[in-house]
1. Just give me a number: lysine pairs in the chain, eight or more positions apart or cross-chain, with C-alpha atoms less than 30 Å apart.
2. What FRET efficiency would be calculated for the residue pair S182, H93, taking the C-beta separation as r and a Förster radius of 35 Å, to the nearest 0.05?
3. Please report K156, K185, K97 as a ranked list, fewest other C-beta atoms within 10 angstrom at the top and most at the bottom.
4. Extent of the range 177-242 along each principal axis, from alpha carbon coordinates, in Å, largest to smallest?
Amino acid sequence: MTQIGFKSNTGVIRNNNEDACFVIPSHDVYVVADGVGGNNAGEIASRTAVRGIAEYVAANPIEECADEEAIYNYFSQCLEQVNDEIYQMGRKHKENKGMATTAVIACVKDDTAYIINIGDSRAYLYRGGRIMQITVDHTYVNELLKTGMITTEEAKNHSQKNVITRALGAEPAVMADFFQASVEKGDILMLCSDGLYGEVPERKLEEILDRQNPMPETCARLVEEAIRSGGRDNITVVCLKI
C-alpha cells in the first residue's frame, strides 16, 4: 500500500500559482507540472497538462502495459496528445501565445518506478537517509554544465538558470526523457517543481524526509521550508512512500 501526500502553494512573491499536480492512486500514476507564459497562460498550460494526462490514464488502462516498452509507448502517445492540445491553444488565442509547461510523471508498477519528464520539474528517490535525483533538467544552464562550460557553483547563480529547453506545448512535437528506478519498502518517491529544490538544499530535504511523518505532513513541511527559505516561486510537491 503506497502512502501519498501532495501540496501546492503560490509562494511569497507570485500572485498566481502556475504549478499543478494530480494523483491517480487507483492506477499508481502521479504528476507535477509547472507552467510558463504571460498573463494566466502558464496556469492554463499546467492545468491542461495534468487534466489531459489524467483523462488519458482513465481512458486507457495502464495495467494492460505488459513491459517497459509498452509503458514507454503509452506515455509517449499520452504526451503527444497533451502537447498538441497546449500547442494549438497557444496558437489559437493571442493571450496564450508562448504558453507551455514542464511535466514530471511517476508510474509505479510492482517494484519499479517509471519516471517521465519534460523541463525542469524533478523526481527524486529517498532511501536510507539519502536523496538521489532521478531526472535530468532540460535547461540552458544544465546544457552548459554538461559540456563543462560552467561550474556547479556558477550554475546556481546563473542569470539564465530559469530558461528551459524542452516543455509541453512549446513546439509541435515533444520529446520526453524516460527513467527507471527500483523501489523498496520504505522508499519515498518525490516529485516537485523548481520552487522546492530551488529554495531548499538537499541536506534539508533529506532531514525532512527522514522524520517518518505521514506523507501529507511531510509535503506540508517541505512547502513550509521553501517559503521560509524565500518562497520566490510557486512550490509543488508530491510524495509517495512505498
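Bear in mind that the values in this text are calculations on the coordinates, not laboratory data. What you see is a predicted model; the values in this text were computed from it and never measured. Cβ placement follows ideal geometry from the backbone for every residue including glycine, while neighbour counts extend to all protein chains displayed.
1. Lysine pairs satisfying the spacing and distance rule in the chain number 23.
2. Values: r = 44 Å, r/R0 = 1.25.
It comes out at approximately 0.20.
3. Numbers: K156 11, K185 7, K97 14.
In increasing order of surrounding Cβ atoms, one gets K185, K156, K97.
4. So the extents along the principal axes, rounded to whole Å, are 34, 31, 19.
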